[in-house]
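Please read the structure below before turning to the comments.
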Amino acid sequence: MINIVSAINPIALKLGPFEIRWYALCIVSGVILAVWLAMREAPSKKIKPDDILDFILIAFPIAIIGARLYYVLFDLGYYSKNPSEIIAVWHGGIAIYGGLIAGAITLMVFSYYKMIAPLDFLDIAVPGVLVAQSMGRWGNFFNQEAYGKIVQSLNFLPHFIQKQMFIDNHYRTPTFLYESIWNLIGFTIVMVFRHRLKHLKSGDIFAFYLMWYGVGRFVIEGMRTDSLMFGNIRVSQLLSVVLVIVGVILCSHNHLKHKYFLKNQ
C-alpha cells in the first residue's frame, strides 16, 4: 500500500476566471502532433500539406461537437435535467467514436470538393490519429475517468499513476493507460512498416487502423465501469466489432481486386 496523497489537479493553469485543463492540453497537443505527421506524409500521396491544415481547421471543431453529442445522446437522462452541462466539455465526457464519425463525414465531403482520394487521405491520417488518441487518453487520467473495476493494488505502475487511480478509496484498473499503450503500439507498427511493405495498397493502412483499434477498444471497453450502454450492450464494443468487420472487408477487397487485375492482364 502506498501513502495516498491528493490527486493531481485537473486544472493546469488558472488566469482569473479562465481555466486551462490538462484534459484540453492533452487533446490539443495530440491534434498538433497529428497534423504535423500528416503534413509530412502528404506529399507521398500527392496531397498538398496545406490541404491537411485546411481540413483540420474545419474538422477539429466538428469532431469535438460530434464527440460531445454522441456522449450526451447516450446519457440524456442526466443532460435533460442539467442542460447547462451539455456544453461543458471541460468537465470531460466526450466519446471518441462520436468524434471519429463526425470527422469521417467531414473528410468525405472535404475530399470530394478538393478532389482527393479519401482512402489516400485516411492512410496519411492514421499515424496521427493513433498518436492523438494515445495522448488524449491521458486527459482521462487527469480527470480520473475512463477507468475500470476495483483492484487490490497497482504496484506495477509508477507512483503518480497509482495515486491518480486511487478513486473513492479504491484502486481502479487504469484502462485509459491500456488504451493509450495499445494506440502507441499501433502507431509504431504503422510508422515502421508503411514504407517498407511494397504490397500495400491505398486504404490498407486505414484498414489496419480499423482492425487494430477495433480489437483493442473491444477488449479494453469490457474492463471499464463507465461504458455508454444501449440496453445491455456496450455501445463502444458494438462499434468496435463494426470497425473490425469494415477493416477486414476493405483489406480483403483491396487485395482480391489486385489479384483479379493481375490474373486478367
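The values are calculated or read from the model by the stated rules, or taken from the named source; none is laboratory data. Owing to the predicted nature of the structure, the values given are computational and were not obtained by experimental measurement. Note that we place each Cβ from the backbone using ideal geometry, even for glycine, and neighbour counts take in every protein chain shown. We work out accessible area using only protein heavy atoms, side chains counted, and drop any ligands, DNA or RNA first. Shrake-Rupley method; radii C 1.70, N 1.55, O 1.52, S 1.80 Å.
Laid out as a table, the results:
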{"item": "Enclosed volume per residue, in Å³, of the convex hull spanned by Cα atoms of the stretch 124-263", "result": "122 Å³"}
{"item": "The chain - charge dipole about Cα centre, Lys and Arg +1 at Cβ, Asp and Glu -1, debye rounded to 20", "result": "740 debye"}
{"item": "Neighbour cut-off at most 11 other Cβ (10 Å), DSSP loop, chymotrypsin sites (Phe, Trp or Tyr not before Pro), the stretch 119-198", "result": "PHE156"}
{"item": "Part-to-part distance (alpha-carbon centres) for the stretch 171-198 and the stretch 67-129, which is given in Å", "result": "21 Å"}
{"item": "For the chain, built as a Gaussian network whose Cα springs stay under 10 Å, the top-fluctuating residue of VAL235, VAL126, VAL192", "result": "VAL192"}
{"item": "Selection from SER111, GLY203, ILE181 lying farthest towards where the dipole of the chain points positive, charges on Cβ", "result": "GLY203"}
{"item": "Qualifying trypsin sites (Lys or Arg not before Pro) in the stretch 1-77, DSSP loop, other Cβ atoms within 10 Å at most 14", "result": "LYS46"}
{"item": "Summed residue charge, Cβ within 14 Å of PHE60's Cβ, Lys/Arg positive, Asp/Glu negative", "result": "0"}
{"item": "Of every Cα-Cα pair in the stretch 114-170, the percent that sits beyond 13 Å", "result": "70 percent"}
{"item": "DSSP-assigned coil residues among trypsin sites (Lys or Arg not before Pro) in the stretch 109-181, each with at most 15 further Cβ atoms within 10 Å", "result": "LYS149"}
{"item": "Helix 204-221 vs. the chain, principal-axis angle (Cα, 0 to 90°, nearest 10)", "result": "20 degrees"}
{"item": "Taking the stretch 124-263 and dividing mean pair separation by its residue count, relative contact order in percent (alpha carbons under 8 Å, at least six apart)", "result": "25 percent"}
{"item": "Cα shape, the stretch 37-172, gyration tensor, a/c 1.5 rule", "result": "oblate"}
{"item": "Which of PHE218, LEU15, LEU154, positive extreme of dipole for the chain (C-beta unit charges)", "result": "PHE218"}
{"item": "Whole-percent carbon and sulfur share, accessible surface of the stretch 124-263, 1.4 Å", "result": "68 percent"}
{"item": "Between 0 and 90°, nearest 10: helix 175-193 axis offset from the chain longest Cα axis", "result": "20 degrees"}
